[in-house]
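The structure's right below; bear with me while I get my questions together.
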Amino acid sequence: MLMYYLGLARRSLRRSPVLTGLMVLAISLGIGASMTMITVLHVMTDDPLPGRSAQLYTPHLDPLPLDYKRHEGSPDPADDLTWPDAMALLKAHRAVRQAAMSGGSLLLRPARADLHPIYVSGRYATAEFFPMFGVPFERGGGWSAADDATGSPVLVLADALARKLFGTSDAVGQTVRLGEHDFRVIGVTADWAPKPLFYADQTGTQYSDADLFFLPLSVAMDQKFPVSGNQSAWGKGRSPSLTSANMSWLQFWAQLDTPAQVAAYRQYLVDYSAQQKALGRFQRPPRNAKLYGLMGWLAHENLVPGDVDLQLWLALGFLFVCMLNIVALLLAKFLRRGGEISVRRALGARRRDIFVQFGIESALIGVAGGVLGLGIAQLGLWSIRQRPDDYARLAQMDLSMLLGTVVLAVLASVLAGLLPAWRACRVQPALQLKGG
Amino acid sequence: MQIRPILSTLRHHKLTALLLTLQVAFTCAIVCNVVFMVAQRVQRISVPTGIAEDEVSAIHSTGIEKGENAQARQTADLAALRAVPGVRSAAAVSYSLPLDRSESSSGICPSKQALDRAMQLNTIEGSGCVEPAGYDGTPGLLATLGLHLVAGRDFLPDDYVSEGKPAVAIVTRALAQKMYPGQPALGQSMYDGDHFIRIVGIVDTLLRPAPRKPGLDGDSIIWPQRPEGPGVLYVLRSAPRDRQRVLGAAVAALLKANPNRIINPGQVQTYTEIRRAYFQRDTTMIGLLIASALGLLFVTALGIAGLANFWVQQRRRSIGIRRAIGATRSDILRYFQAENFLIVSAGVLLGTLLAVALNLLLMSHYELLRLPLWYLPVGALALWVLGQLSVLAPALRAAAVPPVVATRSV
C-alpha cells in the first residue's frame, strides 16, 4: 500500500513541477536557516567534558559587604574567589579532588635562535587540576601536591606549544624560559581544550581560547606573575594585592561523585560562610554560598550572545512563515483534486486511506526539502565559520544535527500537510462525481 | 468594480484565503521589526568617534628588554616614527583608542558636594558624579588624533607627568555639559578623590573605547600622562592613501630602533580596520537581517503567485462564462487584482497589530527601542505592491482565457 501511495504522490507532484519546486524551495530555505542557527546554538551549549561534567562543581561564596553596589554591565565579584577563601577551601579538602586556578599570559623566550619571543597564555593551577579534569598526557604527567607546597618550577606544556618549541623531540626534561624564569617541563598534554573553556574567567573568549601551558599557582604567586581575567576589589583603602581578602580573582573546581558528597559540600560552604560571618569578615547571609554543577555554571554565565539568540528566533520565524505558505499551497492543491478523491472514495477508499495518501505526499515534499535544506544549512554554517567571532570555528554539523535536519523537514511538512489532508479526506464521495 | 462576487468566491476558499492572510500578516510583522532593527544597527555603526579616522593608524609594541626605561624607549621610538616619510605626527598611548575595546574609567565629581553624595550613596549613580573613559598619551596626541579643540588650550609641556596624577585635563563637550550644566566648564576644578583637576580644554567629540549606551558614550577625559608600561600603542597620522605604506615602514623603523620587542601583526592596523573589527558583529547582523527580510518577502510573493495560479486554472470555466456574457479582459484582470488587494489588506491589518506585539516582545528580551509607528504604513504599502506584482502574471493569464472555454466541458 505504501508503495502505491508513494507512486501516487510522485505522479501528483510531477503533474505540477513548478508548484512542487516552490514548496520544496520554501521548506528548504526555512529548514536551512533554522538548522544553521540550531547547530550554532547546539555547539555553543554543548557539554565541554562529556562523561565528567556531571561530577564537577564550582563553589561560590559571597564575601561582599552589605552595601556593595555593582555597576551595570560589570562582572559580579562573587563569581570568583578571593585568595584566602580559595586557600581555606583547598586546605579543608572536602571534595574528592579539587583545584584553584587562574589564567595568565607570560613572555616566552624560546631557546632556539630561529624563534621570536612570544606571549603565551596558560593556567596557574594546583596539582589536582589534571586528574580532576581528566587531562590526557602525551608524555610525562602533572605535578604533585608536594610541588605545590615547595613551589617547584615545573611546567606542563600543551602539545601544540611543545611541538612548536621542540619539534618532534621529547619535551619532557627540557627547560623553558617563561616570564624570565626557567621551568622544567614534566609533561605534555595530548590534544585537550574543552569548548567552551568552562574553568576560565568569564571575561575571556571562551570558545576560542586554549591553555598552552600549566604551572603551579604557588610559583606564579612567588614570582608575582601577571594574572589575566577579572580582578574585582571592594571596600575602601589602597588598591589591594592578590592575597587580599577584598579582591576576587581565582576560579575553583571540585569533583563530587555522589549526591551525598554534593549535599555535604554545600553544607560545608554554608558552614564556612557562617564561620567567616562570625569572624566579621563576611556580612551577607551564609545561605548565599552556592555550588554550581558544570552545566549549571555555564547556564549561569550565559555565554550565548544575544545576537545568536536573535538569529535563531529569526530563522524559526522564517520557517513558520514558510510553513504557512506550504499549508496554503497544499490545501489548494489537494482540494483541486476533489474529483479524484471522490472517485477513490466511491470505489471504497476509507477516509483514513485518503488521509494517509496525502500525508505521504506532504512527507515526500519534506524529504526533498530536507535534503536541499541540508545543503543550505551547510552553506549557512560555512558562512558562519568565515566570521571572526570566537565561536565561529566550532560551527560544524554532527551526526545528530544531520539527522535532525531531515527529521525537522519531514515533521514540518507533514505538520503542514495535516490540515489540507484532513480537509481532503472529508470530500463527499458522490457529490463530486455529479459535477463536470 | 464589484466586491460582492469576489467575497462570495473567497467564501468558497475560506481556509486557503485565511492561510494566505496569515502569511501576509506574519511577513508584515517580522519585516517591519527586521527593518527597524537594521535601521538601529546602521545608526549604531555610524557613530562618530571625533578623530580623523581616515588618517590615523596604530601599532602596538611591547618592549621585552629587562630593566628597560620604558619612557626613554618611547621617546626614541617616537623620534624614529616621525622620521618615517609620510608621517605627519605621532604619539604614544598606553591603553586605547575609541572603539578599541579596552577601557580604563574612574569616577570623577564636579564638586565637593557631589563627591560627598557619592561617598554616602556608595555609588556613582544619582550622585552627580560621572565615570568617563580616560585617555592618556604623549604630547601631540590631540594633533595626531585630529581632535577638534572648541575651548581652552592643548596641554603645555609642563602639564605632563610621567607617573601619578596630573593636575589638569581636557574633557569632551558632552562631559563638560553633563558635569557643569548651564555654566562654563573651562577652568572648573573637578574632584578625583582627594585630588583637584582643572579643566584646561574642551574637545568637540571623543568616543569611548567601549561604548555602552547613548548618553554615556561621549564621556571621555584626556590626561596629560605619558604611558608607563612596556606595552604602548603608537598612533600615526598620515595621508589616507599613505597609511598601509606608512605602517610597513613604521614597523621596520621600530624594529630597527630596537629589535627587542614584540609587535603582533594583528595589532598593526589602520583606524578603518579597528573600526570595522569593532562593528563586525553588527555588520554581519545587518546582512543577516536584510537577507531574512528579503527571503520572507520572496517566499510570500511565491505563495501569492502560486495560489493565484491555482485559482486561475481552477476557474478557467467560470472566467470563460463571464467573458462569454460580456466581461472584458480588463474586468477579469481587475477581478484578480481586487481579490489580491482584499486578502493582502486583511493580512496587513492583522500584521500591523502583530508587528507592535512582536516589537513589545523583542523589547522585553533584547536591547530594542519602540517601533516608530510610521514603519507600519510603509510596511503595508510594501506588501500591497508586492501582492500586486506577484498576482500580475496569473491575472494576465486569466484575462487571456478566451470566451469559448465556456462551451467546452472540463
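The values are calculated or read from the model by the stated rules, or taken from the named source; none is laboratory data. Because the structure is predicted, anything quoted here is derived from the model rather than measured. FYI the Cβ positions are ideal-geometry reconstructions off the backbone, even for glycines, and counts take in every protein chain you see.
Among (1) within 24 Å of B:ILE290 (Cβ to Cβ); (2) more than 12 Å from every other protein chain (Cβ to nearest Cβ), where does B:LEU7 come up short?
(1)
Right, next: For region A:85-99, which residues satisfy the criterion of being over 16 Å from A:GLN261 (Cα atoms) and under 28 Å from the mean Cα position of the chain (by Cα)?
A:ALA86, A:ALA99, listed by residue number.
Would you tally the residues in region A:128-151 being on the phi < 0 side of the Ramachandran plot and out of contact with any strand residue (DSSP E or B) (no Cβ under 7 Å at 6 or more places or on another chain)?
Of the residues in region A:128-151, 7 are on the phi < 0 side of the Ramachandran plot and out of contact with any strand residue (DSSP E or B) (no Cβ under 7 Å at 6 or more places or on another chain).
Moving on. Out of (1) away from chain A (no Cβ under 14 Å); (2) crowded, with 22+ Cβ neighbours inside 10 Å, what's the single condition that is false for B:GLU53?
Every condition holds for B:GLU53 apart from (2).
Now for a separate question. Which of the residues spanning region A:116-145 are of a type in the set (A, V, I, L, M) and either within 14 Å of chain B (Cβ to nearest Cβ) or under 17 Å from A:MET87 (Cβ atoms) (or both)?
Those that are of a type in the set (A, V, I, L, M) and either within 14 Å of chain B (Cβ to nearest Cβ) or under 17 Å from A:MET87 (Cβ atoms) (or both): A:ILE118, A:VAL120, A:ALA125, A:ALA127, A:ALA145.
With respect to B:GLU125, determine if the residue is in contact with a Gly (Cβ under 6 Å, 6 or more places away or on another chain), farther than 18 Å from B:ILE51 by Cβ and either surrounded by fewer than 18 Cβ atoms within 10 Å (Cβ to Cβ) or in contact (Cβ under 8 Å) with a residue 60 or more places away in the chain (or both).
Spelling it out, it is not the case that B:GLU125 is in contact with a Gly (Cβ under 6 Å, 6 or more places away or on another chain), farther than 18 Å from B:ILE51 by Cβ and either surrounded by fewer than 18 Cβ atoms within 10 Å (Cβ to Cβ) or in contact (Cβ under 8 Å) with a residue 60 or more places away in the chain (or both).
Residue under question is A:LEU379, and the condition is that it be under 23 Å from the mean Cα position of the chain (by Cα) and in contact (Cβ under 8 Å) with a residue 24 or more places away in the chain; does it hold?
yes
Could you check region A:377-401 and list, in sequence order, the residues that are in contact with a helix residue (DSSP H, G or I) (Cβ under 7 Å, 6 or more places away or on another chain), assigned to a helix (DSSP H, G or I) and of a type outside the set (Gly, Ala, Ser)?
If the condition is that a residue be in contact with a helix residue (DSSP H, G or I) (Cβ under 7 Å, 6 or more places away or on another chain), assigned to a helix (DSSP H, G or I) and of a type outside the set (Gly, Ala, Ser), then A:LEU381, A:ILE384, A:ARG385, A:ARG393, A:LEU394, A:MET401 are the ones that fit.
To continue, here is another question. Conditions: (1) within 36 Å of the chain's Cα centre (by Cα); (2) within 12 Å of chain A (Cβ to nearest Cβ); (3) surrounded by fewer than 18 Cβ atoms within 10 Å (Cβ to Cβ). B:GLY303 meets all but one. Number of the miss?
The failed condition is (3).
Name the one entry in A:GLY317, A:GLY370, A:GLY339 that is within 14 Å of another protein chain (Cβ to nearest Cβ) and closer than 26 Å to B:LEU296 by Cβ.
So the residue among A:GLY317, A:GLY370, A:GLY339 that is within 14 Å of another protein chain (Cβ to nearest Cβ) and closer than 26 Å to B:LEU296 by Cβ is A:GLY317.
Does A:PRO84 qualify as being within 14 Å of chain B (Cβ to nearest Cβ) and either of a type outside the set (Val, Ile, Thr) or free of Cβ contacts under 8 Å to residues at least 12 places away in the same chain (or both)?
For A:PRO84, the condition - within 14 Å of chain B (Cβ to nearest Cβ) and either of a type outside the set (Val, Ile, Thr) or free of Cβ contacts under 8 Å to residues at least 12 places away in the same chain (or both) - is not met.
I need a count of the residues in region B:282-300 that are more than 9 Å from chain A (Cβ to nearest Cβ) and not small (Gly, Ala, Ser).
Residues in region B:282-300 being more than 9 Å from chain A (Cβ to nearest Cβ) and not small (Gly, Ala, Ser): 5 in total.
Further question on the same structure: Name, by its number, the condition in (1) buried (at least 19 other Cβ atoms within 10 Å of the Cβ); (2) within 30 Å of B:ILE262 (Cα to Cα); (3) not aromatic (Phe, Trp, Tyr) that does not hold for A:THR36.
The single condition A:THR36 does not satisfy is (2).
I've got another one for you. Going by what's in this entry, would A:VAL219 be described as surrounded by fewer than 19 Cβ atoms within 10 Å (Cβ to Cβ) and aliphatic (A, V, I, L, M)?
no
Just one of the numbered conditions (1) assigned to a loop (DSSP other than H, G, I, E, B); (2) over 30 Å from A:PRO305 (Cα atoms) is not true of B:PRO214; which one?
Unmet for B:PRO214, out of (1) assigned to a loop (DSSP other than H, G, I, E, B); (2) over 30 Å from A:PRO305 (Cα atoms): (2).
Out of all the residues in region A:348-357, is one or more in a helix (DSSP H, G or I), among the aromatic types (Phe, Trp, Tyr) and within 14 Å of chain B (Cβ to nearest Cβ)?
So far as region A:348-357 goes, no, none of its residues is in a helix (DSSP H, G or I), among the aromatic types (Phe, Trp, Tyr) and within 14 Å of chain B (Cβ to nearest Cβ).
Could you list, in sequence order, the residues of region A:287-306 that are within 14 Å of chain B (Cβ to nearest Cβ) and either crowded, with 16+ Cβ neighbours inside 10 Å or on the phi > 0 side of the Ramachandran plot (or both)?
Hits for region A:287-306 are A:ASN302, A:VAL304.
Hey, does region B:232-245 have a residue that's surrounded by fewer than 16 Cβ atoms within 10 Å (Cβ to Cβ) and within 28 Å of A:GLN311 (Cβ to Cβ)?
No, region B:232-245 contains no residue that is surrounded by fewer than 16 Cβ atoms within 10 Å (Cβ to Cβ) and within 28 Å of A:GLN311 (Cβ to Cβ).
Among the residues of region B:392-410, count how many are outside any loop (DSSP other than H, G, I, E, B) and within 14 Å of chain A (Cβ to nearest Cβ).
Looking only at that region, the number is 6.
If you don't mind, there's one more thing I want to ask. Within the group A:LEU303, A:LEU335, which residue is aliphatic (A, V, I, L, M), in contact (Cβ under 8 Å) with a residue 60 or more places away in the chain and either under 20 Å from B:LEU354 (Cβ atoms) or assigned to a helix (DSSP H, G or I) (or both)?
The unique qualifying residue is A:LEU335.
Also: Select from region B:29-81 the residues that are polar (S, T, N, Q) and in contact with a strand residue (DSSP E or B) (Cβ under 8 Å, 6 or more places away or on another chain) and write down the one among them that is nearest to B:SER162 (Cα to Cα).
B:GLN74
Right, here's the next one. Do you know which residues across region B:22-58 are out of contact with any Leu (no Cβ under 7 Å at 6 or more places or on another chain) and either assigned to a helix (DSSP H, G or I) or of a type in the set (Val, Ile, Thr) (or both)?
Hits for region B:22-58 are B:VAL35, B:ALA39, B:ARG41, B:VAL42, B:GLN43, B:ARG44, B:ILE45, B:GLU53, B:ASP54, B:GLU55.
Which of the residues belonging to region A:253-276 are surrounded by 16 or more Cβ atoms within 10 Å (Cβ to Cβ), over 27 Å from the mean Cα position of the chain (by Cα) and either more than 17 Å from A:ASP80 (Cβ to Cβ) or of a type in the set (Val, Ile, Thr) (or both)?
Across region A:253-276, the qualifying residues are A:TYR268, A:VAL270.
Go through the residues of region B:63-77 one by one and say whether even a single one is within 14 Å of another protein chain (Cβ to nearest Cβ), crowded, with 17+ Cβ neighbours inside 10 Å and in contact with a helix residue (DSSP H, G or I) (Cβ under 6 Å, 6 or more places away or on another chain).
Yes, region B:63-77 has at least one match.
So that you can scan it fast, the table gives a plain yes or no per residue for (1) under 27 Å from B:LEU373 (Cα atoms); (2) of a type in the set (A, V, I, L, M, F, W, C); (3) modelled with pLDDT of 90 or more:
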residue	(1), (2), (3)
B:MET1	no, yes, no
B:PRO5	no, no, no
B:ARG11	no, no, no
B:PHE26	yes, yes, yes
B:VAL42	yes, yes, yes
B:ASP77	no, no, yes
B:VAL84	no, yes, yes
B:VAL93	no, yes, yes
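Any chance you could count how many residues in region A:42-56 are hydroxyl-bearing (Ser, Thr, Tyr) and farther than 19 Å from A:ASP191 by Cβ?
1
Let's see how each residue does on (1) surrounded by 15 or more Cβ atoms within 10 Å (Cβ to Cβ); (2) under 30 Å from the mean Cα position of the chain (by Cα); (3) not aromatic (Phe, Trp, Tyr):
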residue: B:VAL312; (1), (2), (3): yes, no, yes
residue: B:ILE325; (1), (2), (3): no, no, yes
residue: B:VAL348; (1), (2), (3): yes, yes, yes
residue: B:GLY351; (1), (2), (3): yes, yes, yes
residue: B:VAL356; (1), (2), (3): yes, yes, yes
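Hey, among B:PRO227, B:PRO259, B:PRO214, which residue is more than 30 Å from B:LEU368 (Cβ to Cβ) and loosely packed, with under 14 Cβ neighbours inside 10 Å?
B:PRO259
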